[in-house]
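Heads up, the thing below is written out as structure tokens.
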Amino acid sequence: MKSRVHAAAGVLALSLITLFFTSSVVVEIFGDEHAVSTVKTAIALALIVLVPSMAIAGASGRSLSSGRRRAPLIRRKQRRTAVAAAVGLLVLVPCAVTLQSLAAEREFGTQFSLIQTVELIGGAVNITLLALNARDGRLLSAASRRRRKQRVPADAQS
Ligand code: HEM
């Protein structure tokens, strides 16, 4: 159950960041100013879901790791999550809020383009980190399943 909550929160966070990234690129290329403003408002609102889902993924991941904190895959996941959280809170959230207010005032000049570029770079970094975490999570789950299966015959003997 805890593992399902963890995977759901992690995959939700990854999906939202990917959606923010692709919708920002698509609307910049094909949309008008109104469409850009709508997307920026939607992204700023969706932060209300993204921030808790990252926190839940991190906390549930730590709890799932009890007894194997020194395992290299887990240490790597922990480091990546710390970097992703820092990028999220220090880059993505401020960028999303600033872009939303600039778009609402129809200010699409150099400042908007610069902040949009920074947001896309931060988004790409976090998509990579969370995708690597999901891949390593699948490996960790497979290892847990193998350990559980090996334990069954031993338990049956006692
Ligand atoms: C937001 C970042 C994270 C994402 C996207 C993520 C994603 C995943 C996914 C998709 C799984 C596979 C679940 C399954 O196959 O049912 C998983 C498992 C796991 N994750 Fe994460 N994870 C994240 C952060 C963390 C952190 C910070 C830790 C601990 C330091 C962690 C520890 C684990 C462990 C131990 C498992 C295996 C659980 C088991 O034994 O079945 N994860 N993760």
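Some notes on this structure:
- Per-pair calculated FRET efficiency, R0 = 22 Å: ARG146 and ARG75 via Cβ, rounded to 0.05: 0.60
- Between the Cα long axis of helix 33-64 and the first principal axis of the chain there is an angle of about 20°, rounded to the nearest 10.
- The gain in end-to-end length when the VAL83 to VAL5 segment is fully stretched comes to 25.9 nm, 0.36 nm per residue minus the alpha carbon separation.
- One decimal place: the segment GLU33-ALA55 gains 4.6 nm when fully extended, by the rule 0.36 nm per residue minus the C-alpha distance.
- Loop exposure criterion: GluC sites (Glu not before Pro), DSSP state outside H, G, I, E and B, at most 13 other Cβ atoms within 10 Å. Applied to the chain, the longest stretch between such sites is 1-104.
- Relative intensity, log₁₀ I(q)/I(0), of the chain from a Debye sum that treats every alpha carbon as a point, q = 0.09, 0.20 Å⁻¹: -0.37, -1.17
- Among LYS40, LYS2, sorting on how many other beta-carbon atoms sit within 10 Å of each Cβ, with the fewest leading, yields LYS2, LYS40.
- 0 to 90° range, to nearest 10: angle between helix 93-104 axis and the chain longest Cα axis: 30
- Scattering profile of the stretch 5-64 at q = 0.16, 0.18 Å⁻¹ [log10 I(q)/I(0), Debye over alpha-carbon scatterers]: -0.54, -0.63
- Sparse-neighbour loop sites [trypsin sites (Lys or Arg not before Pro); the stretch 59-158; at most 10 other C-beta within 10 Å; DSSP]: ARG69, ARG70
- Between the alpha-carbon centres of the stretch 65-98 and the stretch 20-44 there is a gap of 26 Å.
- When its C-alpha radius of gyration is set against 2.2 N^0.38 Å (N residues), the stretch 95-148 gives a value of 1.87.
Values quoted throughout were computed directly from the atomic coordinates according to the rules given, and no laboratory measurement underlies them. None of these values were measured; they are calculated from a predicted model. With ideal geometry, Cβ positions are generated from the backbone for all residues, glycine too; neighbour counts draw on all protein chains shown.
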